[in-house]
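Each reported figure results from applying straightforward, stated rules to the coordinates on display, with no laboratory input. The structure displayed is predicted, hence computed values, not measured ones. We place every Cβ from the backbone using ideal geometry, glycine too, and count neighbours over all the protein chains shown.
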Amino acid sequence: MTSPRTGVMGAAVLQQWGLDVHADTIYRLVLTRKEWGIAQIAAHVGISETEVRATIDRLVELSLLRRSSGALRAGSPSVAFHDLLQRQRADLLRRQEEFVATEHAVDRLIQEYSELCAAGARHECDCLESVEAVRARIETLAHGATSECLSFMPGGAQSPESLEASRPLDHEMLERGVSVRTVYQDSACNDTATLGYARWMTDLGGEVRTTPTLPIRIVMFDREVALLPLDPTASRKGAVEVCGEGIITALLALFEEVWNHAAPFGSGRQRCDQSITMQERELLRLLAQGLTDEATSKKLGIGLRTHRRMVADLMDRLGARSRFEAGVKAVEKGWLAPAS
């Protein structure tokens, strides 16, 4: 007797060679019920005689059955199945060779198209007018990066969508040995997701630093091309891609200046002295410029309530009853440079 499990396995194997789900049952009946005709097999299986004949024809094609003097005879299962396996192996080898040839052709096309892009398709400034276009361009540049990726990430906490989009690209670059250096604002360390991402980056070998404020969002690849926001106050409006030598040189100098004064990630709040942090001093400097609470908090990448709490704390530590008095006392303590 054939177990249900054996029957299922046989049906699955035979289906690989274009046979239907009833082929295993029909084949077994021909082997064990030699006296049965087409009508009896069809009645037993529960399908039409036409379907039985079609299945038997296919079994004959595969040499599992053979016709002799008008009767069906079983071929050698060992010979037939080994022959089928050899055919399948040959087909797999052929397909593998075709895949390798296609892979080489694709590599050549990528190189040719990339050279065309570098030679004439890129202007010194190209506009990318949607978030999707920006992310697609960053993905292309990240995959093509060979040495370095530098970025400023202002705004404090980064959006979950931005972090999710960046993770596979940063991972792939670091795996290839590309140097990845990123500067966040100090306030980013107050956000669990951004903080976790920065830790993940440093664990993989990336370098992360923080600073109280950042001038603009920048992503630069291999010191050859950079992306800047079309509107610094609304990064979702898109970006401009720049690649002119003069512009890249200036952006690189800006990055290195900020990087050299930023605090290494994980070193704690960077302090000017034992009494005030860099973020607090920047807050005092922005207030001294006459910026509103809203503008100051935005530059620091913090919420308005956090901003006002920091101001109140500084005034308390300075013993000041007004912001003007706080500014005067901050200069006296050396926390803030006097106005020129």
Exercise. Pull out a ≥ b ≥ c, the square roots of the eigenvalues of the alpha-carbon gyration tensor of the chain, then state rounded if a/c is under 1.5, prolate if not and a/b is larger than b/c, and oblate in the remaining case.
Key: prolate
Quiz item: By counting other Cβ atoms within 10 Å of each Cβ, how are Tyr184, Tyr27 ranked from fewest to most?
Solution: Tyr27, Tyr184
Self-check item: Rel. contact order, % - alpha carbon contacts under 8 angstrom, at least six apart, the chain
Solution: 12 percent
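Report relative contact order for region 210-271 in percent, whole number only (criteria: Cα-Cα under 8 Å, sequence separation at least 6).
Numbers: 62 pairs, mean separation 18.0, N = 62.
With pairs under 8 Å counted, the relative contact order is 29 percent.
Per-residue counts of other Cβ atoms within 10 Å, averaged by peptide: what ranking do you get for 127-136, 297-306, highest first?
297-306, 127-136
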Exercise. Go through region 325-334 residue by residue and turn each phi into a ³J(HN,Hα) via Karplus (6.51, -1.76, 1.60, θ = phi - 60°); whole Hz please, and just put x for glycine and proline.
Key: 5, 4, x, 4, 5, 5, 5, 4, 7, x
Quiz item: Taking the mean number of other Cβ atoms within 10 Å as a proxy for protection, how do you rank 51-63, 227-239 from highest to lowest?
Solution: 51-63, 227-239
Quiz item: What list of ³J(HN,Hα) couplings, whole Hz, do you get for region 73-78 from phi and the Karplus terms 6.51, -1.76, 1.60, once you set θ to phi - 60° and write x for glycine and proline?
Solution: 10, 7, x, 6, x, 4
Exercise. Per DSSP H run of at least 4 residues, take -39500 (n - 2.57); add these up for the chain, divide by its residues and hand me the 222 nm value, nearest 500 deg cm²/dmol.
Key: -18000 deg cm²/dmol
Exercise. Would you mind ranking Ile26, Ile110, Ile138 so that the residue whose beta carbon has the fewest other beta carbons within 10 Å leads the list?
Key: Ile110, Ile138, Ile26
Self-check item: Whole-angstrom Cα spans of region 125-264 along principal axes, big to small
Solution: 35, 33, 29
Quiz item: In whole percent, what relative contact order does region 228-334 give with Cα contacts below 8 Å and a gap of six or more residues?
Solution: 11 percent
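DSSP beta bridges in the chain, what fraction antiparallel, as a percent rounded to 5? Before the final figure, lay out the partial values.
Details: 22 of 33 bridges.
Close to 65 percent.
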